[in-house]
Amino acid sequence: MDRTHKIILSVLAVLFVGIITACVIVVSQPGGNEQIYTEFVAPAFDKNATVIETSDIPQSAQYKPLVVKEGFKIAMSSEVTINDDVIEVYFTSDKNNVAWLKIEILSADGTKFYGESGLIKQGETLKQLKLDSLPEGESLIVKVLSYEPDTYYSLGTAKVTVTIKK
């Protein structure tokens, strides 16, 4: 073996040892391969949700029923009013729903969060909701989250666009 071959083999051997060492260091670093799990905290029930008659909801609320999917019906205002930091939504979970529901209020493009309710049981209505900040624009998205009673497994989400009354 000539001198050139010995140098090439020596360089390759050093590179090989360096690569193996780097791989061992990367794999042994904490946090690199670990998944972080946080403890699930069940949402609280909304203390402002009540059972009310639809006849008690003002016509100006533009209250409309919506069937999201089988076993999942809601009704709510299609035009919402905002006074100070309170939004009137008249959000109702149908008495025959298979899920507990909660809502989140988002910007029209879904990128900004304004507030959320607690859980709403079947047959309950949430007239209004306090917002964390005031929305801008002419419409909002009401995101509806559904949970299986007792287990809190997600049964899906839906989004409804509503108009802000001026």
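The values are calculated or read from the model by the stated rules, or taken from the named source; none is laboratory data. These numbers come from a predicted model, not from an experiment. All Cβ positions, even for glycine, are placed from backbone atoms using ideal geometry, and neighbour counts span all protein chains on display.
Collect the residues in the range 130-166 that are touching a residue at least 60 places away in the same chain (Cβ under 8 Å) and in a strand (DSSP E or B), keeping them in residue-number order.
Filtering the range 130-166 down to residues touching a residue at least 60 places away in the same chain (Cβ under 8 Å) leaves 140, 142, 144, 146-147, 152, 155-156, 158, 160, 162-165.
If the condition is that a residue be touching a residue at least 60 places away in the same chain (Cβ under 8 Å) and in a strand (DSSP E or B), then Leu140, Val142, Val144, Ser146, Tyr147, Leu155, Gly156, Ala158, Val160, Val162, Thr163, Ile164 are the ones that fit.
Please tell me if Ile82 is crowded, with 22+ Cβ neighbours inside 10 Å and either in the same structural domain as Ser139 (by TED's automatic domain parsing) or over 25 Å from Lys165 (Cα atoms) (or both). No; evaluated as a whole, the condition is false for this residue. The single condition from (1) at pLDDT 75 or above; (2) of a type in the set (Val, Ile, Thr); (3) surrounded by 10 or more Cβ atoms within 10 Å (Cβ to Cβ) that Val11 fails is (1).
Conditions (1) at pLDDT 90 or above; (2) in contact with a Pro (Cβ under 7 Å, 6 or more places away or on another chain); (3) not in a strand (DSSP E or B), marked per residue:
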residue: Pro30; (1), (2), (3): no, no, yes
residue: Glu34; (1), (2), (3): no, no, yes
residue: Glu39; (1), (2), (3): no, no, yes
residue: Lys47; (1), (2), (3): yes, no, yes
residue: Ser55; (1), (2), (3): no, no, yes
residue: Ser60; (1), (2), (3): no, no, yes
residue: Pro65; (1), (2), (3): no, no, no
residue: Val68; (1), (2), (3): no, no, no
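Reported count of residues in the range 107-166, each being farther than 24 Å from Asn96 by Cβ and among the small types (Gly, Ala, Ser), is 7.
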